[in-house]
Amino acid sequence: MRKEHTKKSKKPKSKKEVKEASETIDTTTVDSEEIEKEENSENDKQEKLQDELEELKDKYLRLYSEFENFRRRTAKEKLELMQTANEDLMLALLPVVDDFERAVNAFLNESDIQAVKEGITLISNKFQNTLRQQGLEAMDTKEGVTFDADLHDALTQIPAPKKKLKGKVVDTIEKGYYLGDKVIRHAKVVTGN
């Protein structure tokens with residue numbers, strides 16, 4: 001007897017099996033396409049993030065450079081300002097200096113002392129006005145003003161010549177001055193105790 005060897009193939013027998021087999025093939029194809037799309041999407045995201053990072057680094061470097069330039073420029077301007085801060089004051093005082101030079105020359109050649117005194121008084125008044133225009137004001141330290149440690153430096157205390165001068169200014173050794181609202185020199189005074 002002869003054995004028949006038949007190969008059994010896996011051919012679909014029904015339409016239903018054919019449909020299931022084709023869906024399996026389609027699903028496998030779709031899954032591999034989705035995986036490919038996801039990989040491409042991941043690569044695109046990484047490239048996008050890398051580009052964004054490079055852009056942010058560039059912005060940071062530019063901002064840092066601008067700040068350094070600003071810092072250097074302001075430091076230079078501040079130094080220049082400090083060097084020329086008194087320029088306005090010096091320009092205002094130059095006419096007074098000119099007047100003093102003329103007064104000295106007149107003093108050497110003038111025999112009339114009264115004229116020299118008047119000239120010096122005029123120059124002194126001009127000098128005081130110029131300083132006032134620049135914001136300098138003298139403190140009021142007349143006799144009898146209450147001693148204030150924020151404004152006055154007491155050089156010494158003496159017995160008060162009058163009872164009402166106890167704890168008050170008796171004499172002013174050196175005037176004090178304000179520049180605007182700020183005390184730039186305390187008045188040196190003698191107080192009564």
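None of the figures in this text is laboratory data; all of them are computed from the coordinates on show. None of these values were measured; they are calculated from a predicted model. Neighbour counts run over all protein chains shown; Cβ positions are idealised from the backbone, glycine included.
Return the FRET efficiency for the residue pair Leu108, Gln128: r is the Cβ-Cβ distance, R0 is 22 Å, and the value is rounded to the nearest 0.05.
According to the calculation, E is roughly 0.35.
How many angstrom separate the Cα center of segment 66-112 from the Cα center of segment 124-149?
If we compute the Cα centre of each part, the gap is 22 Å.
Please report Val97, Val169, Val190 as a ranked list, fewest other C-beta atoms within 10 angstrom at the top and most at the bottom.
Ranked by crowding around the Cβ, least crowded first: Val97, Val190, Val169.
Order by neighbour count: Thr191, Thr74, Thr130, fewest other Cβ atoms within 10 Å first, most last.
Thr74, Thr130, Thr191
Straight distance only, please: which aspartates and glutamates reach the Cα of Lys175 with their own Cα at less than 13 Å, same-chain residues fewer than 8 apart left out?
Partners within reach: Glu137, Asp140, Glu143, Asp153.
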